[in-house]
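Okay, structure first, notes after.
The values are calculated or read from the model by the stated rules, or taken from the named source; none is laboratory data. In this text, all values refer to a predicted model and were calculated from it rather than measured experimentally. These area figures cover heavy atoms from the full protein model, side chains too; ligands, DNA and RNA do not enter into them. Shrake-Rupley method; radii C 1.70, N 1.55, O 1.52, S 1.80 Å.
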Amino acid sequence: MTDSRDFLKLSDKWIRILNKIEEHEKSPRDFGTGDLLHCSEIHTVMAIGKNPGINITSLSELLGISKSAISQMVNRLEKKKLAEKYQNSDNEKAVLLRLTPQGNIAHLGHEQHHAKIYALMHRKLGEITEQEFNLIMRFLSAIEETFDECSRKED
């Protein structure tokens, strides 16, 4: 059985990891297009790339940010020629989103970036059992649920 000191060790490790992720994500990167993209921009590119034909409202819900913020982000991506708006021929009021050829390059570049990270993690972690995997998932789910709960209390 673990005691509170063990949970403090986990918490300290988690905070160090979050700080390192935040530092890593601060710097804009080129994912093959010549454009330096911030984390929020490439994650929006990824969401559009995985959901071609998505609209602003659905993209907002998917990423968990406001429609206004998504609209601003899409406008930035349009200026960088990574995404474009278009109208559905069936419903001219509906504005849909898709990646441009440059956006597809960034999408692929980001997937390759993550593949390198996952390969490195796999080498460091090695093969894990189903039981170990389930424990890790339980741990990460508990963290996510705790943050969700804390966020709801702040609203």
Diffing segment 48-62: the Karplus 3J(HN,Hα) column from phi (6.51, -1.76, 1.60, θ = phi - 60°), in whole Hz with x for Gly and Pro, holds 5, x, 7, 9, x, x, 6, 9, 4, 4, 5, 5, 4, 5, 4
Nearest 10 degrees, 0 to 90: what angle lies between the long axis of helix 67-79 and the longest principal axis of the chain (Cα atoms)?
-> 60
State the dimensionless ratio Rg/Rh of segment 22-85 (Rg: radius of gyration of Cα atoms; Rh: Kirkwood radius).
-> 0.95
Tell me, what % of the accessible area of the chain is carbon and sulfur with a 1.4 angstrom probe?
-> 55
What are the ³J(HN,Hα) values, in whole Hz, obtained from phi via the Karplus relation 6.51 cos²θ - 1.76 cosθ + 1.60 with θ = phi - 60°, for each residue of segment 30-44 in sequence order, with x given for Gly and Pro?
-> 9, 9, x, 10, x, 8, 8, 10, 6, 3, 5, 5, 5, 5, 5
Treating every alpha carbon of the chain as one equal point scatterer without solvent, the Debye formula yields log10 I(q)/I(0) values at q = 0.12, 0.21 Å⁻¹ of -0.71, -1.34
